[in-house]
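Heads up: the structure comes next, in C-alpha cells.
Throughout, read-outs are computed from the coordinates displayed, never taken from laboratory work. Keep in mind that what you see is a predicted model, and the values were worked out from it rather than measured. Using ideal geometry, Cβ is built from the backbone for each residue, glycine included, and neighbour counts are taken over all protein chains shown.
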Amino acid sequence: MNSLDLPKPPHETRVVVAMSGGVDSSVVAGLLKREGYDVVGVTLQLYDHGAATHRKGACCAGRDIHDARAVAETLGIPHYVLDYEDRFRESVIDRFAESYLSGETPIPCVECNRSVKFRDLLGLARDLGAEALATGHYVASRARPGGGRALYRALDPARDQSYFLYATTPEQLAYLRFPLGERPKDETRALARELGLAVADKADSQDICFVPQGGYADIIAKLRPEAARPGEIVDLDGRRLGEHEGIIHYTVGQRRGLRLSVGEPLYVVRLEPETARVVVGPRAALATRRIRLADLNWLGDGAPEDVADRPVAVRVRSTREPRPARLSWNAAEACAEVELVVPEDGVSPGQACVIYADDGPRAQVLGGGTIRRIGALQAGAAEAA
C-alpha cells in the first residue's frame, strides 16, 4: 500500500487535488507530486465576480484561482478551473437564504462540501481516472479493518475541521484523502516554503466566500427582498418590548443589537418566522438539554436505528469543544435525539450537531445532523413540541 492506502506505486496512481488557491491545498498537491503521484489540480469557481474578486480572506475568489494556477505551474502539474457558479448558487446560496428566512442559522460550508465539492467534484475526479480525491482539510481518515474508512479529528486541534465534514458519506469517505490531518499548521507552512510555493505566507480564509465581511443580512435581503419584514420583539410571555426590521438580523443567543432598555440583559431565545417575531429572554432561557436532528449522516458501526442511549460527545457550534451526551433513535419521529449531560446555551436550529465517539482530541466522528427547528430545544420552550 502506498501513502494513500492504495495498492499501487505512486507513479501509477492518479490523484485529483481540490486546489482552492490557499496554502493547505497547495501543499497537498506539492507533497503528492514530490512522492511521485500522478497529480491533477482542479479549482472550482464558485462565487467570483463582484465584491469577492479582490476581497481578502475569502475563498474561491478570483485571486485564489490565479494563485492555484500559479502553484500548479510551479509544481508542473495539469490544472483545470471549472465554473460551478450555477450549482453553487442553487445548492448553497439559495438554501442559505431559505434557511435564514425560516428562522434558522445555517452553515453554508457544510452544504458546499456535501452538495458541490464532495458530490460533483468527486464525480469529476472519477471521470478523470483518479483513484482518490485529496483536499487540504484538517481532518484525518483511517482504513477500517473490515473495509472502508473512518473519520477522526485532526492532529492540530486549533485547525480541526471535522465539524464541517460530518456530512461526508461512507462512500465518499472511501475515495477521499486528507493528507494534512496528521500535521500541524506550522509544519504545513514550512513545507510550502520548502516546496517553493508563492502562497507559503498567504493568509487563511476567514469569511464565507459569498458573504462580504460577514454581512449575512445584506446578502439575504438582496436575494430575498421580502426577508426584511418588520415585526415585534417580545418576551417569553408574549409581551411586546420593541420592534425589529427583519428576523434575518438575529440569531439564537444574540445579545447585542437588540436596542432594548428593560433593566436586565436579554438574549434571542427563538425566532418565529410565521409571525415575524423575535422572542427574547434571560440567559437561563437559552439552556438546551435535548436536541432532535434532521438529515442524519451516520459514519459509525451498525445502523443508527439500533442506537439506544449510547454515550457520545457532541459539538453544537464549530467554536466549541465536544461535550458529553447520550444518543438515541426516536422511531416515532424517525430521527436521532441527543441529550446533553450538561445543558448548553445558544443551540440554534439550522446549525450542525456533530457526534463523536468521545470528547478526546483525536476522537472518531460518528456522524451528525442538522438541529431541527422543532422539538424540545430551549428550556422554557414548549416541552411538548
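A few comments on the model shown:
- FRET E, pair GLU187, VAL341, Förster distance 45 Å, beta-carbon r, rounded to 0.05: 0.80
- 222 nm mean residue ellipticity, helices alone, for the chain (DSSP H n ≥ 4; -39,500 (n - 2.57); rounded to 500): -5000 deg cm²/dmol
- Additional length obtainable on full extension of the chain from ASP86 to ALA276, 0.36 nm per residue less Cα span: 65.3 nm
- Look at the Cα gyration tensor of region 135-231: its axes a ≥ b ≥ c give a/c of at least 1.5 with a/b at or below b/c, and that counts as oblate.
- Here LYS33 is the anchor, and the lysines within straight C-alpha reach of less than 16 Å, apart from those fewer than 8 places off in the same chain, are LYS8.
- Here LYS222 is the anchor, and the aspartates and glutamates within straight C-alpha reach of less than 14 Å, apart from those fewer than 8 places off in the same chain, are ASP94, GLU98.
- Semi-axis lengths, Å, the chain, gyration tensor of Cα atoms, sqrt of 5 times eigenvalues: 38, 26, 17
- Given in Å, the Rg to one decimal and the Dmax to the nearest whole number for the Cα atoms of region 309-364 are 11.2, 34.
- Only helices reaching 15 angstrom along their own axis (Cα) with mean Kyte-Doolittle hydropathy no lower than 0.5 count here, and for the DSSP H runs of the chain these are 23-34.
- Here the 3J(HN,Hα) profile of region 347-353, calculated from phi with Karplus coefficients 6.51, -1.76 and 1.60 at θ = phi - 60°, is 6, 10, x, x, 6, 8, 10 Hz, Gly and Pro shown as x.
- Partner lysines whose Cα lies under 19 Å from the Cα of LYS202, excluding those fewer than 8 positions away in the same chain, are identified as LYS56, LYS185.
- Each Cα pair under 8 Å and six or more residues apart adds its separation to the average, and for the chain the resulting relative contact order is 15 percent.
- Linear extension gain, SER261 paired with SER328, 0.36 nm per residue minus alpha-carbon span: 19.9 nm
- Residues in region 278-301 reached by a label modelled at ALA143 [backbone nitrogen below 17 Å; 7 Å Cα→Cβ]: none
- Label-point gap, in nm, between GLU12 and GLU243 - each point 7 angstrom along Cα→Cβ: 7.4 nm
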